[in-house]
1. Check which residues have an amide H placed less than 5 Å from ASP56's amide H, if you skip close sequence neighbours.
2. Convert each backbone phi in region 93-105 into a coupling constant with the Karplus relation 6.51 cos²θ - 1.76 cosθ + 1.60 (shift: θ = phi - 60°), then list the ³J(HN,Hα) values in order as whole Hz, x for Gly and Pro.
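Laboratory data are not the source of any read-out in this text; all were calculated from the coordinates shown. Keep in mind that this is a model prediction, so the values were computed, not measured.
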Amino acid sequence: MRRRTGRAGVPAGVRTTKLAATAGLALAVASCVGEGQPSLVQAQLRGPTIAFESIDGPPLPVFQKLVANLAAEAEQRQILVVSRGSQPAYRVRGYLAALMSQGNTHIGWVWDVYDSQKRRAFRIAGEQAFPGKTPDAWRLLDDATLARIARSSMDQIVGFLGAPDSAVANAAPPALPAAFAEE
C-alpha cells in the first residue's frame, strides 16, 4: 500500500524510513501467502479479494493507525486483503483531506473501489467535523475516530462486495466531503 502526501523536498532519510514503514504495513495487511499453497487464513476468508492500492493525504502516524484499523476490520469480516502486486477482484484507493472552514475543522475521506478493468465501481465518502480551528488538524484523529472511520468504511465495502451490481445500480454517488470542496 502506498501513502502519498504530495510534499516535495522531503529528506532522503525520511523517505527511506517512510518507505520501509509502508512496506512493512503493506505486508502485514496483505496476508501474503506462498505460491499455490492456500494458507489457513486464506481458507477461512470469503468473497472477492481486495487490495488497498494507496491512501493519500494523512501524515505517516495517522496512515499507520488507519491501515492497522482497516486490516483488523477486514479480518473481522473475513475479507481477504491481498498485496497490490497480486490480481485482486477490486482495488481500493483512499484519500483523506483536512479543511478549516467557518470556525470548524473538517476531516474528509473518500474510498474509490475499482474493478479488475480499472473502472471505478463504487465510491465511499465520509466526513468528521470538529469544533474550532487547530494548527494541526490531523491530531484530531484519535484512535477512536480512526477506528470508526475504518469500521464504517469496511462496512460499506463489505456491502458492496456482497452485491456489487445492485450496489452500483441502486446507489447515487455520494457527495464529496467539505474537506475536498474547492474554495
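1. ARG4, GLY94, TYR95, LEU96
2. 10, x, 9, 10, 9, 10, 8, 9, 8, 6, x, 10, 10
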